1. To the nearest 20 Debye, how big is the dipole of the chain about its Cα centre, given +1 on the beta carbon of each Lys and Arg and -1 on that of each Asp and Glu?
2. Among 203-216, 38-51, 168-181, what's the highest-first ranking by average C-beta atoms within 10 angstrom per residue?
3. Taking a quarter of the surface of the Cα convex hull of the range 63-284, what do you get in nm²?
4. Whole Å is fine, so just give me how far the alpha carbon centre of the range 355-369 lies from that of the range 26-99.
5. Which of LYS74/LYS101; LYS156/LYS195; LYS155/LYS238; LYS12/LYS381 have a Cα-Cα distance over 22 Å?
6. In the neighborhood of SER182, defined by Cβ-to-Cβ distances under 13 Å, what is the net charge if each Lys or Arg adds +1 and each Asp or Glu adds -1?
7. Which number do you get for Rg(Cα) / (2.2 N^0.38 Å) in the chain?
8. Any idea what the relative contact order of the chain is, in percent, if you count C-alpha pairs under 8 Å spaced at least 6 apart?
Amino acid sequence: MSIISDSLKRIKPSPTIAVTQKARELRAAGKDVIGLGAGEPDFDTPDNIKDAAIKAIQSGDTKYTAVDGTPELKKAIVEKFKRENNLYYSTDQITVGTGGKQVLYNAFMATLNKGDEVIIPAPFWVSYPDMVLLAGGKPKIIKCDEKDGFKLTAKKLEKAISKKTKWLILNSPSNPTGAGYSKDEIEDLAKVLIKNKKVHILSDDIYEHIKYDNFNFFTIAQVSKLKDRTLTMNGVSKSYAMTGWRIGYAAGPKDIIKAIGKIQSQSTSNPSSVSQAAAVEALNGAQDFIEERSNAFKERRDFVVKSLNNIKGISCLKPNGAFYAFPSCKKLLGKKTKLKTDSEFVEKLLEKANVAVVQGSAFGLDGYFRISYATSMEKLKVAMERIKSFCENLN
Ligand code: PLP
């Protein structure tokens, strides 16, 4: 009998972390690999945030804190929702965890019973289905077409809801496509959800601040009839270039928030006290660098999308936000190129052209690949040349 639990056998390690690790290993072995697999900003954490952390260490903020976040951080989060989203919460509707990832994991652990269904629009962030499986739930993957901008439509949502549906996950702007839902699109989905009163909504807003072309960010909790059934997750990792600090948070119904805290109390306890102090400064301090950085990402997005669309056999939609592009490689699969799947395409690209990207199938949609353009323009230029030369010499 295996020592490993049945629940662990249901899941796989994160494919995006695996690609990043492979690129790291190849680089260590002397290969000139450009990694476009990782989902983190290449910018550093701003100095005012670092200084707040140093001050916290020096003044003895080095002990356990309240399990689900310090009062100061919860207050800063309440203010953030008020200021940026016009959403009003009390501090007992807020929970803080070790990254958005832990908050989501705890939310599923706290709410799912065996057989409960979670609607996950694909392409999706790689961790959603596995987290649901680990918690004993059933991921219900709904494929969203490129012609719909990779977004869930009201019609598809209506069809996907069953008596067993517990959650719908929405992620805008999206990892891996960068697609953002407009207010109208969210309101269309909301009409279906208002009718289906048992469905809860998990809104993953982690890329809220990385957006382009005046995209108006709108989150589903702003639909007043749904606020009481929505858990809105966000965090400092992406907006404030703080992936290593591990602070994420959520706002929502008190019973769910309390249940998340209960799990945390018996697993990790509080997120790092120093990181929480830094997150207070991130949320309360100057915000102007966010726009500056978004502008830098926009320049890269424009370059990457244009370069991809100039490659024969590749086509790519223009993302509204995040720092990912999700081009199609369907035209390069088949007898002519001897590449059967997007996974084979990605493997060959790494092997022959030294560029690491992630196959679309890892995100639940075959025939595509994800590029993270959160890297320097110089590297992107070389990477795009390599991808072009690789694709155009496949036949
Ligand atoms: N949600 C999405 C869509 C993500 O892409 C990520 C990170 O890659 C997370 C949540 C988790 O972020 P973190 O745990 O760093 O806060």
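1. 1520
2. On the way: 203-216: 20.0, 38-51: 17.0, 168-181: 26.9.
With the highest mean Cβ count within 10 Å placed first, the list reads 168-181, 203-216, 38-51.
3. Numbers: hull surface 44.9 nm².
For the range 63-284, averaging the hull's shadow over all directions gives 11.2 nm².
4. Here the answer is 28 Å between Cα centres.
5. Working: LYS74/LYS101 18 Å; LYS156/LYS195 15 Å; LYS155/LYS238 32 Å; LYS12/LYS381 33 Å.
Pairs exceeding 22 Å: LYS155/LYS238; LYS12/LYS381.
6. Numbers: positive: LYS151, LYS183, LYS211; negative: ASP148, ASP184, GLU185, GLU187, ASP188, ASP213.
After counting each charged neighbour, the total is -3.
7. 0.98
8. Details: 750 pairs, mean separation 88.7, N = 395.
It comes to 22 percent, rounded to a whole number.
Computed from the coordinates by the stated procedures, all read-outs in this text should not be read as laboratory data. Treat the numbers as computed from the prediction; the structure is a model and nothing was measured. Ideal geometry is used to build each Cβ from the backbone, glycine not excepted, and the neighbour counts take in all protein chains shown.
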